[in-house]
Structure formats: C-alpha cells, structure tokens
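The values are calculated or read from the model by the stated rules, or taken from the named source; none is laboratory data. Remember, it's a predicted structure, so these values are computed and weren't measured experimentally. Here Cβ is always computed from backbone atoms with ideal geometry, including for glycine, and neighbour counts include all displayed protein chains.
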Amino acid sequence: MGDKIRVVITGAAGKMGREMVRGLLASPRIEVVGAVDVVKTGTDIGTLSGCTPAGVSITSDLAATLEVTRPQVLVDFTVAEAALHNARVAVEHGVRPVIGTTGISREDLEELHILCEEKGLGAVVAPNFALGAVLMMHFAQLAVRYFPQAEIIEMHHEEKRDAPSGTALKTAELMAEAQGQEGVTGRRFPERLKGVRGGTYKGFHVHSLRLPGAVAHQEVIFGGCGQLLTIRHDTISREAFLPGLLLAIEKVLHLRGVVFGLEKLLDL
C-alpha cells in the first residue's frame, strides 16, 4: 500500500473541519500529523471530533506546525481570505494545498497557480468535494445544450458566509461554457419585491436560500417546450465530502499548478 500521506488540516475546529478530521483519522492511507485553528488550541483533534485521542493537538501557528510536522499536503477548510494565506505559507514550505473553501477570486487563484508552478507543486481548489454534486454539475453542463432556459436554486445552512455558493457559480460557469454564450433570462417583468428573481450570472438566474436544518443542496431546472427537467443533489451530512477529499489528497501529489474543480480529477 505504500507510506501514508502526511496531512495537516487548517480549520480543524470548525464543523466541516471536525467531520473531515474524523474521516481522515479513519483512513488507512492518511496520517494526520498536525492541526491548526484560531480556537480550541491545545485540544486533541480526536477528542474534539468525537473519536479516541489522536495525539495531535490544535495549534494556532501554521508555519511552525509545517516546520515541525513536515507534511506533504495541507487540507484547508477555513474562509477565503485565510485559505489563500494558508496556501501561500504551505507552498513556501513545499506542501501541496487542498482547499475546500469557496469565495477565492480568479486573480488569487492565478497568483497561487504561478507560485505552485515556481515551486513545482500542485494544488486542488474545489467548491464542492461531494462526488454527487460534481456529477450534478456535469449533467447540467450536458443538458443546457438542449434547453433554451435554466435557473439554479441552491440552499445551505443559515451560517454559510457567502451567497450564492461556489458550487452554484461553478455550475453557471460550466453551463455558459457549454452553451457557448450567455444564457437566456426570459422576459423581463417588474419586480414587486427587489431581487425576487435572484442574481444573474452570465444570463442564468441563481437563487440562494439559507435555512437551519439544511446542509448543502442544489437543483438546476431546465425549461423547454412542454417540459421541465430538474437535476438535483442533496448533501444529507458532511460525510459526503470525504470521498472527494481523499481523492484530491491522493491526486494532488502528482499535479503541478492549481486545479480548480474536482471534476478535473474524474474521468468524465
């Protein structure tokens, strides 16, 4: 099976971080050697994630942690601003970033790509690590060529910081690329409530819902003559992101530069 992949995770104390820590600790291919967060410092990540003690405590200093633990991969589930800083620090230490944070700009991705190229390292940035969500985006990209109009509805928990989601924006981007032009928004009507038709990305209306009880959900509804087609994906729990994360950790070791989107690591 070979040596285990040495991983440090940032954002380890967050909801997503704890779930991913639990999965990474259980993986026979991964050795979690460090964890970083601004809260819960000194806490064992196994105990914090509801597992047996792992012998790895959360620290607040990423650079020092990387120097001591010498990982191969940095897994980041923080926020966009922190993720970009963490990725820069990782690459400077010869560590490959795998980022599950949304909201990173194209300019910042390009900067990270150049830095990775200079260091001969790879990085993966994915708006969504759920394999079902990646397939949903792929199917939407296929369907958009056969329907004149489509709209995207995404729903997340009430604490999600950005709207629309990175997955929704990525879906609209893929659909626009497949169509070869901006989508058709349909007839314009007076809005009795401002913003009631949602935002528009390259001609596609995007609607965001934020509700307690939700995790991550998206549907793309296509309208045509006498028919509707709905492609939907529901994330029931954060466990759904683990298989995609493990895939990215394995693949990033053999990449150079930034790969944006988990679909680029799949045989689609």
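Of all the numbered requirements in (1) in a helix (DSSP H, G or I); (2) buried (at least 16 other Cβ atoms within 10 Å of the Cβ); (3) out of contact with any Leu (no Cβ under 9 Å at 6 or more places or on another chain), GLU151 misses one, and that requirement is (1).
Going by the structure shown, is ARG192 assigned by TED's automatic domain parsing to the domain that holds PRO28 and farther than 23 Å from LEU131 by Cβ? Spelling it out, it is not the case that ARG192 is assigned by TED's automatic domain parsing to the domain that holds PRO28 and farther than 23 Å from LEU131 by Cβ.
For (1) crowded, with 17+ Cβ neighbours inside 10 Å; (2) basic (Lys, Arg); (3) more than 21 Å from ALA123 (Cα to Cα); (4) in contact (Cβ under 8 Å) with a residue 60 or more places away in the chain, each residue gets a yes or a no:
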site	(1), (2), (3), (4)
VAL33	yes, no, no, no
VAL36	yes, no, no, no
GLY42	no, no, yes, no
LEU74	yes, no, no, yes
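The strands (runs of 3 or more DSSP E) located wholly in region 1-104 that include 1 or more residues which are in contact with a Ser or Thr (Cβ under 7 Å, 6 or more places away or on another chain), modelled with pLDDT of 95 or more and within 18 Å of LEU253 (Cα to Cα) occupy 5-10, 30-36, 73-76. Taken over region 223-240, the criterion of being farther than 17 Å from LYS170 by Cα and of a type in the set (A, V, I, L, M, F, W, C) is satisfied by CYS225, LEU228, LEU229, ILE236, ALA240. Out of all the residues in region 154-163, which are in a loop (DSSP other than H, G, I, E, B), under 15 Å from the mean Cα position of the chain (by Cα) and not acidic (Asp, Glu)? The answer is LYS160, ARG161, ALA163. Residue pairs whose Cβ atoms lie under 6 Å apart, separated by 6 or more positions or on different chains, with the first residue in region 105-118 and surrounded by 12 or more Cβ atoms within 10 Å (Cβ to Cβ) and the second in a helix (DSSP H, G or I) and not hydroxyl-bearing (Ser, Thr, Tyr), are ASP108/LEU84; LEU112/ALA87; LEU115/VAL91; CYS116/VAL91. Within region 108-129, the set of residues being small (Gly, Ala, Ser) and within 16 Å of LEU169 (Cβ to Cβ) comprises ALA126 only. No other residue among LEU24, LEU66 is in contact with a strand residue (DSSP E or B) (Cβ under 6 Å, 6 or more places away or on another chain) and in contact (Cβ under 8 Å) with a residue 40 or more places away in the chain apart from LEU24.
Yes/no per residue for (1) among the hydrophobic types (A, V, I, L, M, F, W, C); (2) under 24 Å from GLU159 (Cβ atoms); (3) touching a helix residue (DSSP H, G or I) at 6+ places or on another chain (Cβ under 8 Å):
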position	(1), (2), (3)
THR78	no, yes, yes
ALA90	yes, no, yes
VAL95	yes, no, yes
GLY103	no, yes, yes
GLU107	no, no, no
LEU112	yes, no, yes
GLU117	no, no, no
LEU135	yes, no, no
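Conditions tested, residue by residue: (1) assigned by TED's automatic domain parsing to the domain that holds MET16; (2) more than 19 Å from LEU245 (Cα to Cα).
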{"residue": "GLY55", "(1), (2)": "yes, yes"}
{"residue": "ILE58", "(1), (2)": "yes, yes"}
{"residue": "THR65", "(1), (2)": "yes, yes"}
{"residue": "THR78", "(1), (2)": "yes, no"}
{"residue": "HIS85", "(1), (2)": "yes, yes"}
{"residue": "VAL98", "(1), (2)": "yes, no"}
{"residue": "GLY103", "(1), (2)": "yes, no"}
{"residue": "LEU135", "(1), (2)": "no, no"}
{"residue": "ALA143", "(1), (2)": "no, yes"}
